[in-house]
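To start, the structure itself, in structure tokens.
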Amino acid sequence: MGATISRVAGPRRAVQTRLLEALRRFFREDTPSELGDFLVSPRMILIATLAVSIGILSAGVALVLLRLIGLFTNLFFYQRWETTLVSPAGNTLGFGVVLVPVVGALIIGLIARYGSERIRGHGIPEAIEAILINGSRVQPRVAFLKPLSSAISIGSGGPFGAEGPIIMTGGAFGSMVAQFFHLTSAERKTLLVAGAAGGMSATFDTPVAAVLLAVELLLFEWKPRSLIPVALASGVAAATRWYLLGPGPLFPVPPHAAFIGPAGLLGCVVVGLLAGALSAVLTMAVYAAEDAFRLLPIHWMWWPAIGGLVVGGGGLIFPQALGVGYDTIGALLQGDVPGQTIIGILLVKSVIWAVSLGSGTSGGVLAPLLMMGGALGGLEALVLPNEGPGFWPLVSMGAILGGTMRSPFTGIIFALELTRDVDALLPLLVAVTLAHAFTVLVMRRSILTEKVSRRGYHLSREYAVDPLEILFVREVMRTNVVALPANISLEDLAQSLRSGHGHAGQRLYPVLGAEGELLGVVTRGDLQALIHARHEDAACCQLAEVIRRDPVVAYPDEPLRAVVYRMAETGLTRFPVVERGNGRKLVGIIALSDLLRARARSLEEERRRERVLRVRQFLPLRARRDGQGQAVPPAVASRR
């Protein structure tokens, strides 16, 4: 019996081993074998599977952070142990409210100094920096200290939103999961962003806007290898939210008209331009405050406490400015906020937000921007056409997001998903686009990328098709090249080099066999050394001794991007170009200088101006008369 079992188990084990090895090869494959619209590999399935689990984890992280914010808000302002989200505005502390943000800020300063400095800031710039500079690696302690510090900051009255910390915390957990596996930096980036998108999706029930935020701010690419895992993580997080936090929308609004007419669209133009101007003012205010704090002769650990003092003073004057302010945002969208509250938001909330954020405390920017944008819209509603309660605050919210964060699609879809008011799509498109246009014309960077720039890094957020992706080797390779037969004599070779005929600028020489197949290559330096050695000793050397067999080659039907990568990997700057197949027939040579032609072509398309169509091609010329009074055709008249 034992022998029989061993004979059966042996083949089974062998089959299992082969299957596992095939799976390993399948998931190790990271480059496609053929050209296609998208460059994908089977490893995307593995990354997507990990991203789904990270999406579920991010929803749990969002729940924990919101509960922590509720807990600290109740502890600081109402001295009770509850986790329900409440507004600090209803407190009865009197003048004691000034000290609450200071106490919270002191705790945050201590955590930042002795725990991790990475907890300071909005959350999104820190995620960007982790992706671009740190290889998508986030310290595990950041995953625990960031939500704790943010909850203390917001719970003690900080005028921030939970979304920035949740994005950073979700990204930290995604990065931690990625670091447990044998992944590339690009794959770690995908999982970090999956965690960030999952956290935002679970917090606001905005899965599509979370994916767009990831694309416009964090991924720095639009590729299936990253977009699909991130979208799956966001979708799973939104579905998990229903069981943890309940369904959305977060801010329901009254129904609005499907079309607002020319006067309404003109009002959207005004809203977009004013939102762009407010975006620029808010961005400059934040970094003016940061510059002012840098001038203080004290350690940065104490800066949040000074910012907390400003927050406390603002809370004493206008209590609605404290905390996240979701209730105030909801009231703005219902259209039942008095003018005094609107002015208080625009003056007090904006000032304490800019000062406290510039002090380096921990908190997000989305919720405050929504509140200030809604207040601006409420002010505009006094003079713009009446399109229903909360219409102009809704449009202004989206516009302020698109202008301040330089993420127009995120601003549009985020406003739609928060309210589920699909009829506002066209007004949002107009207003958000113009706010975005205003800020990109008057400011070099957004409120998020300016912080990255101040740390010494440049970030470009423009996406375009690289000419190296769409041009092929056959379009730039040189076909007029000198190739050497393998049986050439050194005397003939030396004579050819001395004459210089056809050799100008050529540094690499293909060596061909009797059938024209590529045998190898030699460099010009190799040939000169060989001829010099031959002069010293007539019987010493042959061409075959310096031929470099099995050279790295390029193929005429592959994109230039593949050649660039091959040059980077090998350190070589010139390749022979051969036809695919066993014949290896030589068709040309490609060098680094040839690759620059693709860049030059792209540059010419950007700079060269020409008029392709002329008016006279569409408008007939007046017929002229010749000497005999006959009409001359327009084509003939134009030549005369």
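All of the numbers you see were taken from the coordinates with simple rules; none came from a lab. Since we're looking at a predicted model, the values are computed, not measured. Every residue, glycine as well, gets a Cβ built from its backbone with ideal geometry; the counts of neighbours run over all protein chains shown.
List of remarks:
- At 0.890 mPa s and 25 °C, Stokes diffusion of segment 261-454 via Kirkwood alpha-carbon radius, µm² per second: 147 µm²/s
- Rg over Rh [alpha-carbon atoms, Kirkwood Rh] for segment 468-607: 1.02
- Shape summary: segment 548-609 maps onto an equivalent ellipsoid whose semi-axes, from the alpha-carbon gyration tensor, are 26, 13, 9 Å in decreasing order.
- Cα long-axis angle, helix 261-294 against the chain (0 to 90 degrees, to the nearest 10): 90 degrees
- Of all DSSP-defined beta bridges confined to the chain, some 80% are antiparallel rather than parallel.
- Backbone phi angles across segment 454-471, fed through the Karplus curve with coefficients 6.51, -1.76 and 1.60 (θ = phi - 60°), yield HN-Hα couplings of 5, 9, x, 10, 9, 10, 9, 10, 8, 10, 8, 6, 5, x, 5, 7, 10, 9 Hz in residue order; Gly and Pro are listed as x.
- Segment 155-208: projected area of the alpha-carbon convex hull, averaged over directions, in nm²: 4.4 nm²
- From the Kirkwood radius over Cα pairs of segment 139-252, Stokes-Einstein at 20 °C and 1.002 mPa s returns a whole-number translational diffusion coefficient of 150 µm²/s.
- Relative to the longest principal axis of the Cα atoms of the chain, the long axis of helix 99-114 makes an angle of roughly 30 degrees.
- When the chain is described by a simple charge dipole with +1 on each Lys and Arg Cβ and -1 on each Asp and Glu Cβ, the residue from PRO510, MET477, ALA431 located farthest towards its positive end is PRO510.
- Note on the chain: the alpha carbon radius of gyration divided by the globular reference 2.2 N^0.38 Å gives 1.29.
- Of the peptides 401-408, 266-273, 571-578, the ranking by mean beta-carbon count within 10 Å, highest at the top, reads 401-408, 266-273, 571-578.
- P(r), alpha carbons of segment 38-148 - 5 Å bins starting at zero, rounded %: 2, 9, 13, 17, 18, 14, 10, 7, 4, 3, 2, 1, 0
- Electrostatic tally near SER136: other residues with Cβ closer than 11 Å to its Cβ, Lys and Arg +1, Asp and Glu -1, net +1.
- Solvent-free Debye scattering, log10 I(q)/I(0), computed from the Cα coordinates of segment 378-455 at q = 0.13, 0.16, 0.21 Å⁻¹: -0.41, -0.59, -0.88
- Rounded tilt (10° steps) of 524-536 against the dominant C-alpha axis of the chain: 40 degrees
- Pairs of C-alpha atoms in segment 43-244 farther apart than 26 Å represent 32 percent of all such pairs.
- Total lysine pairs whose alpha carbons fall under 28 Å of each other in the chain (8 or more apart, or interchain): 7
- Going from the residue with the fewest nearby Cβ atoms within 10 Å to the one with the most, LYS585, LYS349, LYS189 rank LYS585, LYS349, LYS189.
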